[in-house]
Amino acid sequence: MIIDVIKKSVPEYKVKLPGLNKIFSYRPMLVKEEKFLSTIMTVTSSFEDKLINLCSLVDSCFDNKIKSKSLNISDFQIAINEIRKRSIDETVNFKLTCPTTKEVVDVFIDLDSFITHNTDTTLELKLKENIILSFKALTIKSLFLLSDFPETDSDWFDLICSCLHQIETSSEKINLNGNSIKSKQEYLELIPRSEFKKVKEFITNNCISFKVKYKTSDGVDREIEVDDFANFLKFYLVILTL
């Protein structure tokens with residue numbers, strides 16, 4: 001049938017998602033993904049609607065071989081990055097406010113140049129009295145707990161709590177996957193601040209970043225690393241159509 005011939009003409013690519021440690025096939029965006037893009041780019045769309053449609057777009061381009069809501073942050077970023085590269089271009093130009101001079105400059109990013117920071121999917125925090133708290137890397141699904149992009153300390157605390165999945169003592173293992181955020185908060189509120197810092201770094205470093213070089217009006221060549229975890233979704237929501 002002619003429809004099968006058309007389907008076979010669509011290019012297919014492969015990418016390894018480090019968190020899953022597997023190689024997946026995917027394709028560029030087609031007209032069928034326009035309905036997802038339309039909701040994503042609509043100003044009045046809620047954070048949840050944007051996130052749902054972004055996940056649906058990724059799932060569709062990967063022929064539903066992955067469930068993007070279950071992906072950790074870095075795998076999700078890599079998946080979107082690949083789709084954007086193959087659908088539009090491997091480079092993107094956008095405006096950035098220089099943190100030093102505060103001026104708005106035009107910058108250029110090669111989407112192949114991203115840096116993967118932490119691909120660990122679990123963290124074990126050993127406390128006194130033979131207690132071990134186990135955390136999983138943050139997934140996209142956890143972001144649905146919020147009503148907007150994570151920005152406040154309270155947002156971050158809720159997200160970190162969502163990653164706590166097991167407590168082990170010398171006598172038992174307690175699975176917390178079905179527990180509420182509030183019940184998990186009670187455990188985390190009792191750990192030392194220095195230990196909590198390790199957990200927060202594990203959660204926030206599970207992402208990719210880009211080093212951006214640019215020149216400001218004073219003639220100085222500068223470089224910054226774009227790795228703002230809280231804004232990574234905003235970045236990809238913008239560049240999907242640039």
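Annotations for the structure displayed:
- Count - residues of the stretch 94-120 that are part of a loop (DSSP other than H, G, I, E, B) and either within 22 Å of the chain's Cα centre (by Cα) or among the aromatic types (Phe, Trp, Tyr) (or both): 5
- The condition of being touching a residue at least 40 places away in the same chain (Cβ under 8 Å) and in a strand (DSSP E or B) holds for only one of 123, 146, 159, that being 123.
- Contacts under 7 angstrom Cβ, first residue in the stretch 213-234 being more than 18 Å from residue 50 (Cβ to Cβ) and aromatic (Phe, Trp, Tyr), partner outside any loop (DSSP other than H, G, I, E, B) and at pLDDT 90 or above, 6 or more apart: 214/105; 214/222
- Failed item, numbered, when residue 134 is tested on (1) among the hydroxyl-bearing types (Ser, Thr, Tyr); (2) modelled with pLDDT of 90 or more; (3) surrounded by fewer than 17 Cβ atoms within 10 Å (Cβ to Cβ): (3)
- Restricting the stretch 174-186 to residues that are under 14 Å from residue 159 (Cα atoms) and not charged (D, E, K, R) leaves a set whose member that is farthest from the chain's Cα centre (by Cα) is 183.
- The residue list 173, 128, 182, 198 contains one member that is touching a residue at least 12 places away in the same chain (Cβ under 8 Å) and not hydroxyl-bearing (Ser, Thr, Tyr), which is 198.
- One residue from 8, 32 being at pLDDT below 90 and either over 30 Å from residue 201 (Cβ atoms) or in contact with a His (Cβ under 9 Å, 6 or more places away or on another chain) (or both): 8
- When the stretch 137-163 is limited to residues that are of a type outside the set (Ser, Thr, Tyr) and surrounded by fewer than 15 Cβ atoms within 10 Å (Cβ to Cβ), the one that is farthest from residue 47 (Cα to Cα) turns out to be 153.
- Qualifying residue in the stretch 7-29 (condition: in contact (Cβ under 8 Å) with a residue 24 or more places away in the chain and in a helix (DSSP H, G or I)): no
- Test: residue in the stretch 44-62 that is touching a helix residue (DSSP H, G or I) at 6+ places or on another chain (Cβ under 9 Å), among the β-branched types (Val, Ile, Thr) and surrounded by fewer than 16 Cβ atoms within 10 Å (Cβ to Cβ): no
- Condition met for residue 154 (assigned to a helix (DSSP H, G or I) and without any contact (Cβ under 8 Å) to a residue 24 or more places away in the chain): yes
- Evaluation of residue 99 against the conditions (1) assigned by TED's automatic domain parsing to the domain that holds residue 226; (2) within 18 Å of residue 232 (Cα to Cα); (3) crowded, with 19+ Cβ neighbours inside 10 Å shows that the sole unmet condition is (3).
The values are calculated or read from the model by the stated rules, or taken from the named source; none is laboratory data. It should be emphasised that the depicted structure is a prediction, and the values quoted were computed from it without experimental measurement. Ideal geometry is used to build each Cβ from the backbone, glycine not excepted, and the neighbour counts take in all protein chains shown.
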